[in-house]
1. At q = 0.25, 0.31 Å⁻¹, what is the base-10 log of I(q)/I(0) for region 265-305 according to the Debye formula with one equal point scatterer per Cα and no solvent? Please give it to two decimals.
2. Please label the shape of region 94-194 as rounded, prolate or oblate, based on the square roots a ≥ b ≥ c of the eigenvalues of the alpha-carbon gyration tensor (a/c under 1.5 means rounded; beyond that, a/b larger than b/c means prolate, else oblate).
3. Express the relative contact order of the chain as a whole percentage, based on alpha carbon pairs under 8 Å and six or more residues apart in sequence.
4. Between the DSSP loop rule and a limit of at most 13 other Cβ atoms within 10 Å, which GluC sites (Glu not before Pro) in region 249-350 are left?
5. Applying the Karplus parametrisation 6.51 cos²θ - 1.76 cosθ + 1.60 with θ = phi - 60° to the phi angles of region 304-321, what ³J(HN,Hα) value in whole Hz is obtained for each residue in order, glycine and proline being reported as x?
6. Using modelled amide H (1.01 Å from N, peptide plane; none on Pro or chain starts), what sits under 5 Å from the amide H of PHE203, excluding residues fewer than 5 places away?
7. Ranked from highest to lowest mean number of other Cβ atoms within 10 Å per residue, what is the order of the peptides 57-63, 304-310, 18-24?
8. Just from the alpha-carbon atoms, what are the Rg and Dmax of region 244-350 in angstroms?
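No lab work stands behind these numbers, since they all come straight from the coordinates. Since the structure is predicted, the reported quantities are computational estimates derived from the model, not experimental observations. Note: ideal-geometry Cβ built from the backbone for every residue, glycine included; neighbour counts use all protein chains shown.
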Amino acid sequence: MSDLVEPNGTSPIVGAWDHPLLDPNLEDAKIVHSLDVLADVPGMGRAESAYRQKLRLKSWQYMTASTDTLFLAFVVGTAGFASNGFVYAAELDGGKVHKKFAITPLQMGTRVSPSSATGSHTFRTRGLGIAIENLDGGRRFAAHVDAKTEGGGQLTADLAFDSQPADEHLSLCVPLPGGRWNYTHKFAAFSVKGSVVVDGKTFDFKPDRSFGTMDFTKMYALRHAVWKWVALCGRTKHGNVVGLNLVDPTPDAPVSENAVWIDGKREPIAGVELSSQTDEGPSPWRVRAETIDISMKAVAHVSQRLDLPLVRHRLRHVIGAFSGRVRTANGRVHDLEHVIGIAEDYDTWW
């Protein structure tokens, strides 16, 4: 069943759901691009479709997991002409980072499932293997990572991400400028169980003290994509599980991915403004919205750069401790103190 673009349709449904879609077939939407005139030419429609779906569609799944002493993040993604996989672990006491980043041509060694609700995502190249299994219709995930870090060490991870049957996930499809489209599935209230081993040292992730977030995205992206993004999950000072997913600028659409989760229940957030003190390194960040006032103290950071004739990629992730207040619709104020998460600075021509 096609959940977004109907048979013979050209545009996806714009909307939001409290669960991941089984078949978010955004790839079947028509967009304006250099070969779109071929779509209606007899015998050339398949060529146009292949170009659009293989080289213009971007898709990835990014996940984070944090416990008292370690923050872990990893991704499997592809832009069609190249694929990206990375993992990094930041020790929260001292900020030491263990990382492995890799970019491969086309989709070599890479598979991104069409959905976060079924199948699996894998990235394999020399020195890095990542596998994400989508379970229970996209409400649970199993992740396996094996990496030789850039410092010559070893990093392995076996983690289970669980959400409860009543938890409210967020999936949505929105238009982008220039006739482009974005589908995403976000959740920021996972319980995480398992272990991560870094250079022989084991970090245990226990469900009551370990938390996770995820971002599955399929996008007919703008040629130049720029955004700031924040994702975090932990406990408030009163013991509630709190999660945030915030993006700035927010696409001009009837629905938004900006949300807070309190014990698995989701509420929308409006008026989001994300700012970084500097554009480089582990800088402090400020998070403001109509119902949020939070500051982030940096613990560590990682970055990735790529410069090619037609592609320029800039990615900066700042791992930090978020403190401040979130007010929910019932008027209750939730105090955050040193909740671990990431702030992303993204600027890419692709």
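1. At q = 0.25, 0.31 Å⁻¹ the computed log10 ratios are -0.87, -1.04.
2. It comes out oblate by the Cα gyration axes.
3. The value is 13 percent.
4. Filter output for region 249-350: GLU280, GLU290.
5. Result, ordered by residue: 9, 9, 8, 10, 10, x, 10, 9, 10, 10, 10, 9, 10, 10, 10, 8, x, 9 Hz.
6. VAL196, VAL197, VAL198
7. Answer by packing, highest mean first, reads 57-63, 18-24, 304-310.
8. For region 244-350, the Cα-based Rg and Dmax read 15.2, 52 Å.
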